[in-house]
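The values are calculated or read from the model by the stated rules, or taken from the named source; none is laboratory data. As the structure is a computational prediction, the values presented were derived from the model and not from experiment. All Cβ positions, glycine included, derive from the backbone under ideal geometry; neighbour counts span all protein chains shown. Please note that ligands, DNA and RNA were not included when accessible areas were found on the heavy atoms of the full protein model with its side chains. Shrake-Rupley method; radii C 1.70, N 1.55, O 1.52, S 1.80 Å.
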Amino acid sequence: MRLYKREIRDPEILEEILSQCQVVRIGLVDDQGMMIVPVNFGYDFTVSQGAPSLKLYIHGALEGRKARAFARNPQVAVEMDCCHGLISGDYTCSYSFSYRSIMGDGEITLLKSEQDKIYGLRKIMEHIAPEAKISFQPHMLERTGVYCIQVHSFTGKERRPKPL
């Protein structure tokens, strides 16, 4: 990270960013090249001996380009951001943008057991619609791909708005 003053290391703030972000962008490679896929997500965030650990859960079709890419190469990059705002300046090049973000890399796996799929889907729903009534129909679970990204390394970053 070039500007270490913007790095976020505090696990509480990292979890706050996770809770505020609604979309994770997943970078991956397939036989057609690189691509980025934006998806809603759920997560498990833990801290052990001061070190944060992160798992992301996403869902999608079991077929198609994204599913084929995940099966071919499980190495992915992740990015999420929130708290956007314009920072105005006295001249054109002094304008900027405030934000909070998390970036990292990890490995994605397709969850196979019904229990694991339900867990991942619950995490997604808890994050994007915590008030929603949750129920899963067996035939829908069968046709839905639920994935877990074990994030191996990640960093947080923020650019704060200018004080008023």
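In square angstrom, rounded to the nearest 10, how much accessible surface does Glu63 have for a 1.4 Å probe?
So the heavy atoms of Glu63 present about 130 Å² to solvent.
Roughly speaking, what is the stretch gain from Asn73 to Phe97, that is 0.36 nm per residue apart minus the C-alpha to C-alpha distance, in nm to one decimal?
Fully extending the segment from Asn73 to Phe97 adds 5.3 nm.
Mind counting lysine pairs for me in the chain? Cα separation below 22 Å, and the two need to be 8 or more apart along the chain or on different chains.
Close lysine pairs found across the chain: 13.
For segment 3-123, compute the orientation-averaged projected area of the C-alpha convex hull (one quarter of its surface), in nm². Walk me through the intermediate numbers first.
Working: hull surface 39.9 nm².
Over every viewing direction, the Cα hull of segment 3-123 projects on average to 10.0 nm².
Quick one: if you stick a label point 7 Å off each Cα along the C-beta vector at Ser88 and Ala61, how many nm between them?
If labels sit at Ser88 and Ala61, their model points lie 4.5 nm apart.
Net charge around Met35, counting only other residues with Cβ within less than 15 Å of its Cβ (Lys, Arg = +1; Asp, Glu = -1)?
On the way: positive: Arg25, Arg65, Lys66, Arg68, Arg72; negative: Asp30, Asp31, Glu79.
It works out to a net charge of +2.
Remind me, what semi-axes does segment 110-164 give for its equivalent ellipsoid, largest first in whole Å, using sqrt of 5 times each Cα gyration tensor eigenvalue? Spell out each step's value before the answer.
On the way: eigenvalues 209, 58, 11 Å².
Equivalent-ellipsoid dimensions as semi-axes: 32, 17, 7 Å.
If all Cα-Cα distances of segment 1-72 are sorted into 10 Å bins from 0 onward, what percent lands in each bin, rounded to whole numbers?
All Cα pairs, binned at 10 Å, distribute as 16, 38, 31, 15, 0 percent.
List every residue whose amide H lies under 5 Å from the amide H of Phe41, counting only residues 5 or more places away in sequence or on a different chain, with H placed 1.01 Å from N in the peptide plane.
The answer is Val24.
Ignoring any ligand, DNA or RNA, what whole percent of the accessible area of the chain comes from carbon and sulfur when the probe is 1.4 angstrom?
Solvent-exposed carbon and sulfur of the chain make up 52 percent of the total.
Connecting C-alpha atoms closer than 10 Å in a GNM of the chain, tell me which of Ala67, Ala51, Ala77 has the biggest fluctuation.
Ala51
Expressed in nm to one decimal, what extension gain is obtained for the pair Val29 and Ile118 from 0.36 nm per residue of sequence separation less their Cα-Cα distance?
Additional length available on full extension: 29.3 nm.
Each residue of segment 133-142 in order: what ³J(HN,Hα) in whole Hz does its phi give by Karplus 6.51 cos²θ - 1.76 cosθ + 1.60, θ = phi - 60°, with x for Gly and Pro?
Values, residue by residue: 6, 10, 8, 10, 8, x, 5, 6, 4, 4 Hz.
Rounded to whole Hz and in sequence order, give me ³J(HN,Hα) for segment 75-82 from the Karplus expression 6.51 cos²θ - 1.76 cosθ + 1.60, θ = phi - 60°, writing x for Gly and Pro.
Result, ordered by residue: 6, 9, 10, 10, 8, 9, 8, 7 Hz.
Using θ = phi - 60° and the Karplus curve 6.51 cos²θ - 1.76 cosθ + 1.60, what whole-Hz ³J(HN,Hα) does each residue of segment 28-33 get, with Gly and Pro shown as x?
After applying 6.51 cos²θ - 1.76 cosθ + 1.60, I find 8, 10, 9, 5, 8, x Hz.
Would you mind estimating how fast segment 95-142 diffuses translationally, via Stokes-Einstein at 4 °C and 1.567 mPa s with the Kirkwood radius over Cα pairs, in µm²/s?
Rounded to a whole number, D works out at 95 µm²/s.
Find the accessible area per residue for the chain; the probe is 1.4 Å, ligands and nucleic acids are left out, and the unit is Å².
Working: 10240 Å² over 164 residues.
Using a 1.4 Å probe on heavy atoms only, each residue of the chain averages 62 Å².
Charges on Cβ only, +1 for Lys and Arg, -1 for Asp and Glu, centred on the Cα centroid of segment 89-145; of Gly106, Thr144, His127, which one is farthest towards the dipole's positive end?
Thr144
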